[in-house]
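Readers should treat all values here as calculations from the given coordinates under stated rules, not as data from a laboratory. Just so you know, these numbers come straight off a predicted model, no measurement behind them. Using ideal geometry, Cβ is built from the backbone for each residue, glycine included, and neighbour counts are taken over all protein chains shown.
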Amino acid sequence: MSKVVVFHSGYGCETGCCGHIVTLDDDCSKFEFTHPYIENLAEPGNEIQLFVRELVAETFGEEHIKDIDWDNCLVIDD
């Protein structure tokens, strides 16, 4: 079974740019300069899940949403 992970990371430049990387089976596939913008911090889970699902669908297709490894995702809101 494939594993998809989304995690926060720097872009690798000196400007301090950061965003999220989407990987499939540890193969780095896409860097996004985006963060979820969470307005209601009392219940942040739904916004983060939606953010991850959208990134995975854009990167690998909707069929890989079921492969998200939620335990290893690290999403930082901004």
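In segment 4-72, taking the dipole from charged Cβ atoms about the Cα centre, the farthest positive-side position among Thr23, His64, His35 is held by His35. Each of the peptides 54-65, 5-16 was scored by the mean count of other Cβ atoms within 10 Å over its residues; in descending order, highest first, they stand as 54-65, 5-16. Under the shape rule built on the C-alpha gyration tensor, where the axes satisfy a ≥ b ≥ c, segment 4-72 is oblate, since a/c reaches at least 1.5 while a/b does not exceed b/c. The modelled label-to-label distance between Ile65 and Ser2, using points 7 Å beyond Cα along the C-beta direction, is 1.5 nm.
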